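Just below is one structure, and these are the notes that go with it.
Nothing in this text is a laboratory measurement; each read-out follows from the coordinates by a stated rule. This structure is a prediction, so every number in the text was calculated from the model and none was measured. A quick note on method: Cβ atoms are made from the backbone with ideal geometry, for glycine too, and the neighbour counts reach across all protein chains shown.
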Amino acid sequence: MNLRVGVDLGATKIQTLLVASDGSIVARKRGTTPATGGPSAVLTRVQETIEQLLVRADQPATAVATIGIGAPGQIDAAAGVVLQAVNIAGWDQPVPVAGIVGDMFGVPVALANDVQASIVAEHRLGAGRGRTNLLGIFCGTGVGGGLILNGELWLGGGAAGEIGHTVVVQAGRQCGCGRNGCLEAYAGRGALEQTARLQYDAGRPTVLFDLMEQQGRTRLTSRVWLDACLQSDELASGLITEAARAVGTAAGSAANLLDIDCVVIGGGLATRLGDRFLGDVRAAAQPVLLRPETANQIVLSELGDDCGALGAALLAGDRLAGS
Ligand SMILES: [Zn+2]
């Protein structure tokens with residue numbers, strides 16, 4: 001057997017897929033990212049989740065040819081090292097992920113940035129099939145981006161595609177990166193929660209934090225945001241509309257700069273909010289676009305929660321082919 005494992009190592013969850021050589025998904029297994037214990041606890045959970053994935057698919061470890069891991073933050077892909085991943089607790093020092101996981105399973109492991117992996121998956125197998133110049137904007141805890149130009153993943157110096165830290169409001173809201181007015185400060189789930197909390201503490205009514213408690217959560221998840229919007233919660237709806245507009249502004253500007261022929265909107269928050277979010281993104285992009293008719297080329301991710309892990313498996317297959 002020549003199966004590939006794909007892993008999407010996220011701040012809150014670890015999504016794993018078993019993928020056949022034609023890109024079809026054989027099995028899925030999801031684990032929770034440990035909030036304490038640092039890199040060793042997280043990589044032990046990665047190992048356990050992959051083992052459970054193989055049990056679920058009734059496959060031995062020897063059926064796995066390669067493992068691809070998509071991780072957030074700064075990556076040295078050639079060395080297989082996560083240099084820094086501020087969204088994962090305790091990952092502030094370089095972690096040689098590919099080497100450690102390779103030793104666990106005795107197979108070659110390739111590491112990629114998670115959003116770069118996601119856009120590769122959408123380009124080959126998802127919403128960007130057949131397109132040449134593609135931008136992915138992924139709204140989760142933060143806002144990540146990835147670029148396909150002339151049909152190839154565009155890395156720049158290694159970190160291209162950081163649309164989350166392009167400015168959508170001059171001297172605007174403070175971003176986690178320390179700068180002001182970044183897209184992520186308006187459309188990242190972490191920033192949205194911070195803004196909602198400030199307004200709630202200042203006396204604005206909202207069901208957001210009640211829903212969070214009812215759902216047994218300690219953070220405002222994408223599901224909590226969706227449920228609050230479905231209840232027509234004013235604070236939640238207003239912030240989500242603002243988030244979508246910020247995404248649309250950034251998408252429109254990027255499309256003008258690069259003559260992008262497709263923008264894929266993904267990530268947990270955007271995927272969960274779906275068509276309503278997409279409608280607001282398109283409406284905000286239209287007046288920005290030099291060719292307003294291209295607003296309908298902004299589309300939702302087709303691969304949803306699978307796209308990071310699937311892209312990591314595809315990239316590992318490319319990079320490790322023949323090894
Ligand atoms: Zn920023």
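Rg and Dmax over the alpha-carbon atoms of the range 148-233 stand at 16.5, 50 Å. Please label the shape of the range 180-222 as rounded, prolate or oblate, based on the square roots a ≥ b ≥ c of the eigenvalues of the alpha-carbon gyration tensor (a/c under 1.5 means rounded; beyond that, a/b larger than b/c means prolate, else oblate). Verdict is oblate for the range 180-222. The Rg/Rh ratio for the chain is 0.97, where Rg is the radius of gyration of the alpha carbons and Rh is the Kirkwood radius.
Membrane-span-like helices in the chain (whole DSSP H runs, Cα extent of at least 30 Å along the helix axis, mean Kyte-Doolittle hydropathy of at least -1.0): 234-258. Put simply, when 35-42, 47-54 are sorted by average Cβ atoms within 10 angstrom per residue, most first, you get 47-54, 35-42. For the chain, the relative contact order works out to 20 percent when only alpha carbon pairs closer than 8 Å and six or more residues apart are counted.
Relative to 2.2 N^0.38 Å, what does the C-alpha radius of gyration of the range 196-247 come to as a ratio? Two decimals please.
After normalising by residue count via 2.2 N^0.38 Å, the value is 1.07.
The listed peptides 292-300, 176-184, 312-320, ordered by packing as a protection proxy, come out as 312-320, 176-184, 292-300 (highest mean of other Cβ atoms within 10 Å first).
Put in line by how crowded their Cβ is, counting other Cβ atoms within 10 Å and starting with the fewest, I148, I100 read I100, I148. Normalising the Debye intensity of the range 99-165 to I(0), with uniform scatterers on Cα atoms only, and taking log10 at q = 0.14, 0.19, 0.28 Å⁻¹ returns -0.48, -0.75, -1.14. Relative to the globular-protein estimate of 2.2 N^0.38 Å, the Cα radius of gyration of the range 130-302 stands at 1.02. Distance from the alpha carbon centroid of the range 235-252 to that of the range 89-115 works out to 34 angstrom.
Of the trypsin sites (Lys or Arg not before Pro) found in the range 90-139, the ones in coil according to DSSP and having at most 14 other Cβ atoms within 10 Å of their Cβ are R129.
Under 5 Å from the amide H of I75 lie the amide H atoms of L83, each residue being 5 or more positions distant or on a separate chain, with H modelled from the backbone and absent for Pro and chain starts. Taking amide H as placed 1.01 Å from N in the peptide plane, the amide H of R173 sits under 5 Å from that of G181, each at least 5 places away or on another chain. The share of Cα pairs per 5 Å bin across the range 1-43, counted from zero up to the longest distance, runs 6, 23, 25, 18, 12, 11, 5, 1 percent.
Highest mean first, the peptides 80-86, 58-64, 204-210 sorted by other C-beta atoms within 10 Å per residue fall in the order 80-86, 204-210, 58-64.
Of all DSSP bridge pairs formed entirely within the chain, close to 60 percent run antiparallel. Shown here are the Rg and Dmax of the Cα trace of the range 69-214, at 17.8, 56 Å. Dividing the helix sum by the residues of the chain, where each DSSP H run of 4 or more adds -39500 (n - 2.57), gives a mean residue ellipticity at 222 nm of -13000 deg cm²/dmol.
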